[in-house]
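Trainee: Before anything else, here's the structure in question.
The values are calculated or read from the model by the stated rules, or taken from the named source; none is laboratory data. Bear in mind the structure is a predicted one, so any value in this text is a computation, not a measurement. Positions of Cβ are generated from backbone atoms using ideal geometry, with glycine treated the same way; all protein chains shown enter the neighbour counts. When the accessible area is computed, the model is the full protein with side chains, heavy atoms only, and any ligands, DNA or RNA have been set aside. Shrake-Rupley method; radii C 1.70, N 1.55, O 1.52, S 1.80 Å.
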Amino acid sequence: SVDILPIPAPQGERPSFFLLLFRDRTAERRIERMRTDFVANASHELRTPLASLIGFIETLQGAARDDAVARARFLDIMRDQAARMSRLIDDLLSLSRIEMKRHVAVEGRVDLAEVFAEVQETLAPLAAESALAIEIEAEAGAHVVAGDRDELVQVFSNLVENACKYGESGKRVVMALKRVRGRDGSVIEASVTDFGPGIAAEHVPRLTERFYRVESGGSRARRGTGLGLSIVRNILVRHRARLLVHSVVGQGSTFTARFPVKDVH
Ligand code: ADP
């Protein structure tokens, strides 16, 4: 777009120079586009389970009214669909809460060793469902980063939940913590490794896109919303941490968050 502003002339004279301002609207348009896509995707994701619920309710009011077996089965499906909507809404709310704070610097100090212990304890029952054990491998001592404790618990919960959902039964999920010294100071690397099916290279760059999911057949996998890793990425951006994904098909995946730390004396 072009804005034309007259340059003020000395009193009484007509302006004779004009300043042309070219404003680049493509970035604004792209953001607007992303917003409308997001609303469309979110509405679609919510509508699917809702349409299925309405369909089952109508069936229960009509054809299946007196069929006890069908009724029990339909109610199971309806409960799953309602639970799915509830998960979607929780994830959408988390995402919007984090995006509102995107440019606000984090203030607290958080020991990642404590975050790991909390996630391990909270997700032990989920891991047990797949006969998985969550192990922590941490170098001794505190691993303190600048951050928001609840948000960091959410990051590692999402990563461990994925490791349990997609990891193979009967194996381990390893949460590891270590400090690495680089040229520009130290970083703390906090990673979650599973020994599941891994992720094909072509999907890796898109994993943190909202609603992006790799097609897979498992019933556990179908419970996902496709928002988990975009929540992870948004929280890490706010913490100035980078997310690295290393995955080998047939062997497993490692998701690593690298947090910058100032050396403590
Ligand atoms: P979802 O709610 O579907 O789990 P995510 O954003 O957490 O959404 O993950 C996006 C997709 O990335 C998943 O649908 C899955 O296909 C793939 N994925 C994530 N973590 C893993 C993992 N540890 N092993 C294999 N695939 C994974």
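Trainee: What is the distance, in nm, between label points placed 7 Å from the Cα along the Cα-to-Cβ direction at ARG179 and at LYS262?
Mentor: The two pseudo-label positions are separated by 1.5 nm.
Trainee: Another question, if that's okay. Kindly state, to the nearest 0.05, the FRET efficiency for ASP150 paired with LEU126, given R0 = 22 Å and r defined as their beta-carbon distance.
Mentor: 0.70
Trainee: On to the next question. Where both partners of a DSSP beta bridge lie in the chain, what percent of those bridges are antiparallel, to the nearest 5?
Mentor: For the chain, the DSSP antiparallel bridge percentage is about 85.
Trainee: Dipole magnitude of region 120-197 about its Cα centre, charges +1 at Lys/Arg Cβ and -1 at Asp/Glu Cβ only, in debye to the nearest 20? Show your work: numbers first, answer last.
Mentor: Values: 8 positive and 13 negative charges, 61 e Å.
Rounded to the nearest 20 debye, it is 300 debye.
Trainee: Who wins for biggest fluctuation among GLY224, GLY250, GLY167 in a Gaussian network model of the chain, springs between alpha carbons below 10 Å?
Mentor: In the Gaussian network model the winner is GLY250.
Trainee: Given Cα pairs under 8 Å that are at least 6 residues apart, what percent is the relative contact order of the chain?
Mentor: On the way: 397 pairs, mean separation 42.7, N = 265.
With pairs under 8 Å counted, the relative contact order is 16 percent.
Trainee: With contacts defined as alpha carbon pairs under 8 Å and 6 or more residues apart, what's the relative contact order of region 123-184 in percent?
Mentor: 55 percent
Trainee: Excluding ligands, DNA and RNA, what is the solvent-accessible area per residue of the chain at a probe of 1.4 Å, expressed in Å²?
Mentor: 63 Å²
Trainee: Applying 1/(1 + (r/R0)^6) with R0 = 22 Å to the Cβ-Cβ distance of GLU118 and GLU168, what FRET efficiency is obtained, to the nearest 0.05?
Mentor: After rounding, the FRET efficiency stands at 0.30.
Trainee: Note down the magnitude of the dipole of region 41-196 about its Cα centre, charges +1 on Lys and Arg C-beta and -1 on Asp and Glu C-beta and zero elsewhere, to the nearest 20 debye.
Mentor: On the way: 19 positive and 26 negative charges, 59 e Å.
In total the dipole reaches around 280 debye.
Trainee: How much of the accessible area of region 120-182, in percent, comes from carbon and sulfur atoms when a 1.4 Å probe is used?
Mentor: That fraction is 50 percent.
Trainee: Okay, moving on. Given Cβ point charges of +1 (Lys, Arg) and -1 (Asp, Glu) and nothing else, what value in debye, to the nearest 20, does the dipole of the chain about its Cα centre take?
Mentor: With only Lys, Arg, Asp and Glu charged at Cβ, the dipole is about 580 debye.
Trainee: Per residue and in cubic angstrom, what volume does the convex hull of the Cα atoms of region 135-265 have?
Mentor: 116 Å³
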